[in-house]
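The values are calculated or read from the model by the stated rules, or taken from the named source; none is laboratory data. Predicted model, so just to flag it, every value in this text is computed and none were measured. All Cβ positions, glycine included, derive from the backbone under ideal geometry; neighbour counts span all protein chains shown. The area values use the complete protein model at the heavy-atom level, side chains included, leaving out ligands, DNA and RNA. Shrake-Rupley method; radii C 1.70, N 1.55, O 1.52, S 1.80 Å.
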Amino acid sequence: MRALPLSQPVRRVSTRSLARVFFRSFFLQASWNPRGMQNLGFADAITPALRELYPEPAECAKAVARHLEFFNCHPYMAAAILGGAVRLEERVASGEAAPETVSSFKRALGPPFAALGDGFFWLALRPAAALIAAASEPFVGLGCVFVFLLLYNAVHLPARLWLFATGYSRAEGVVEAVGRAHLATGTPLLKACAAAMGGALAARGVLAAGFPLRPFQALLVASTMVVAFAILPRLGATRAVYFALLLGLVLGARFV
Amino acid sequence: MFPLPAGGATQLFTLAALAALIAGLSAIERKGAFQLMLSRPIVLAPILGWAFGDVQGGILLGIPLELLFLGGVNLGGSLPENESLLAGALASMVVPAGLAMHTGVDAPLAALGLGLLLPLAYFGRRLERAAEGRNAQLLEQAMARAERGDPDAARVNLLGLLLPFGAAAGICAVCVLLSPLLALARLQCGQMVLSALDGAWHAVWAVAAACAIRAIRDPRAPVLAGICAVAVIGATLVFRWVS
């Protein structure tokens, strides 16, 4: 850390600017690019805070340019890093820390938070919410859309807000706070729930093909599921669908 | 004469405008803004169905698509197939075709539409790569502006939303306008072809269920799903036998 010039007053970002930073964090990937990944979105999101911390336009532009460095994380988990970066920028603007502190913070937290977010949100929460919603469709009809959105966003939105607030209030301490949030421990439960719902949906497919009194078709659909499950990693979803369409066309034509 | 929805060509153009707006917004929501999952097939297809006046048709298309593409995850620089573009285009073509036939969406129509439009999932991924290339130019612009001392240099970020919006809106509007052709093709199908297409849709469901279980990426998932499937089938059979 840099030596502190004692005369400089402590600078703080107003609640209004924090709210604007949080809102802009929803556009983190608007200009995702292979060179800097989420860098442009990050710089855009943090701009309201930087404008307040550095009233001089040239100084502010310099700070914005610092945030145009490479940055990549899970888009939701990035809220924690964004909050932490605002807190660190306050320290930089007050002369309590060097600008490199912010870069190091972003670089250090990006990859582990990305892995955590991918595992929880993309690979557990989303499949679980989607499969529960799909399984609920015969009972709630269009309501399944709201079931999905509610289940997913009831976790996603509060999590995002909490991550941003915790990042801002604790800066480097956000790692400990996220560690205590037990995101990873909830993942197996969500996956088990998703698997059960996947089974229910598979049963629905078999039953839809088999009724009324078409046991052979039901058996065919069940066998297709098992075969598709086995060959999917090699075939990919799109090609598997074409094979299924072809198979269905050939076999379906026999049941006129 | 092509089959048209009840309101004729005027309604078709209204539906095209609606599809363009909804699909365009969902394209930017998918990655660039919010990510509230409004662009997932299970949401987008029913919403389009509702906007067109056939919710059930939207649901019939959205659920298998959701299951098929549940495993597609955007990790780092890797891009999954674009399930939102496919869902938007499929609903935009199949639901108005169902309206034009005055029968609504059925399994043969859905299978026909899916077979035609499935390559859009690949095309959507290529489109996304192209948008990323354009975003790299926006980054250059932002860097140049910041160097010149512009504190709002990063505001160009939002320009990255334009290309996905325009592309998805255009594709889905065209799909609505082409829907009478799909309706015509479906009306020409004989009994044997209809039965074949019906079978094809069941097979798509089978693959979709398999994809969904794979998407969970857990070694316990197939066993749990199998137990649950057997339980549900057993319970349904018992219930039907009793009642």
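Remarks
- Distance from the alpha carbon centroid of region A:14-28 to that of region B:171-228 works out to 41 angstrom.
- Reach of A:Lys106 by Cα under 24 Å, taken over lysines that are not fewer than 8 positions away in the same chain: A:Lys62, B:Lys31
- For chain B, the 222 nm mean residue ellipticity estimated from helices alone, with every DSSP H stretch of n ≥ 4 adding -39500 (n - 2.57) and the total spread over all residues, rounds to -26000 deg cm²/dmol.
- Taking the C-alpha atoms only, the angle from helix A:215-235 to the longest principal axis of chain A is near 40 degrees.
- Split the accessible area of region A:143-256 by element, probe 1.4 Å, and carbon with sulfur accounts for 77%.
- Apolar share of the accessible surface for region B:123-243: 68 percent from carbon plus sulfur atoms, 1.4 Å probe.
- For region B:56-109 and region A:130-179, distance of Cα centres in Å: 24 Å
- Per residue value of the accessible surface for the protein assembly as shown (all protein chains in place, 1.4 Å probe), Å²: 41 Å²
- Cα-centred dipole magnitude for the protein assembly as shown, charges only on beta-carbon of K, R (+1) and D, E (-1), debye, nearest 20: 500 debye
- Residues in region B:150-170 occluded by at least 50 Å² - accessible area, probe radius 1.4 Å, against chain by itself: B:Pro151, B:Ala154, B:Arg155, B:Asn157
- Largest to smallest accessible area among B:Leu184, A:Leu125 [probe 1.4 Å]: B:Leu184, A:Leu125
- Carbon plus sulfur fraction of accessible area for region B:13-85, probe 1.4 Å, in percent: 75 percent
- Compared with its chain on its own, region B:17-55 contains the following residues whose accessible area drops by 40 Å² or more in the full protein assembly (probe 1.4 Å; ligands, DNA and RNA excluded): B:Lys31, B:Gly32, B:Phe34, B:Gln35, B:Leu36, B:Met37, B:Ile42, B:Val43.
- Taking the Cα atoms of chain B, the ratio Rg/Rh between the radius of gyration and the Kirkwood radius comes to 1.06.
- For region A:179-196, 3J(HN,Hα) per residue [Karplus equation, 6.51 cos²θ - 1.76 cosθ + 1.60, θ = phi - 60°, Hz, x = Gly/Pro]: x, 7, 6, 6, 4, 5, 6, x, 4, x, 5, 5, 5, 5, 4, 4, 5, 4
- Helix-only arithmetic for chain A: the sum of -39500 (n - 2.57) across DSSP H runs with n ≥ 4, divided by the residue total, places the mean residue ellipticity at 222 nm at -24000 deg cm²/dmol.
- Global geometry of region B:190-243, whether rounded, prolate or oblate, following the gyration tensor of its Cα atoms and the 1.5 cut on a/c: oblate
- Protein heavy-atom accessible area occluded, B/A pair - total, 1.4 Å probe, Å²: 7700 Å²
- Using θ = phi - 60° in the Karplus curve 6.51 cos²θ - 1.76 cosθ + 1.60, the 3J(HN,Hα) couplings for region B:131-142 round to 5, 5, x, 5, 5, 5, 5, 5, 4, 4, 4, 4 Hz; x is entered for Gly and Pro.
- Accessible area (Å², 1.4 Å probe, nearest 10) - A:Arg66: 70 Å²
- Nearest-ten-degree value, helix A:78-93 long axis tilted from longest Cα axis of chain A: 0 degrees
- Phi-based couplings in Hz for region B:206-223 (Karplus 6.51, -1.76, 1.60; Gly and Pro marked x): 4, 5, 4, 5, 4, 4, 5, 5, 5, 5, 5, 6, 9, x, 7, 4, x, 5
- Cα gyration tensor shape of the protein assembly as shown, rounded if a/c is under 1.5, else prolate or oblate by comparing a/b with b/c: prolate
- Residues along region A:225-248 losing 30 Å² or more of accessible surface when the other protein chains are present rather than the chain by itself (probe 1.4 Å): A:Met225, A:Phe229, A:Leu232, A:Ala237, A:Thr238, A:Val241, A:Tyr242, A:Ala244, A:Leu245, A:Gly248
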